[in-house]
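Accompanying notes for the structure given below.
Every read-out reported here was derived from the displayed coordinates using simple, explicitly stated rules and does not represent laboratory data. Because the structure is a prediction, the values reported are computed rather than measured. In this analysis, Cβ positions are derived from the backbone assuming ideal geometry, glycine residues included, and neighbour counts consider all displayed protein chains.
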Amino acid sequence: MRVTVDAERCIGSGMCVLTAGEVFDQRQDDGRAIVLRPEPPAGTRDSVREAAGLCPAAAIVLSADRRA
């Protein structure tokens, strides 16, 4: 899984940080989300999926990991 955040869509609600703080953080200047771990470990993937589902702006993009 690969995780990105569309900074233009992000409204800085912080749901991603509350749900998967090991993968997401917020910028100090505007509160928009940033990805700390673009390829999250297997143990965090469920919380990352939950964070994507909870994002009110649908700014979190999950894509398949092409490495196999």
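So here's what we get for this one:
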| quantity | calculated |
| --- | --- |
| Options VAL48, VAL5; residue that is out of contact with any Ser or Thr (no Cβ under 9 Å at 6 or more places or on another chain) and of a type in the set (Val, Ile, Thr) | VAL5 |
| All positions within region 9-31 that are within 12 Å of VAL61 (Cβ to Cβ) and charged (D, E, K, R) | ARG9 |
| All strands (runs of 3 or more DSSP E) inside the chain with 2 or more residues being under 9 Å from the mean Cα position of the chain (by Cα) and in contact (Cβ under 8 Å) with a residue 12 or more places away in the chain | 2-5, 33-35, 60-63 |
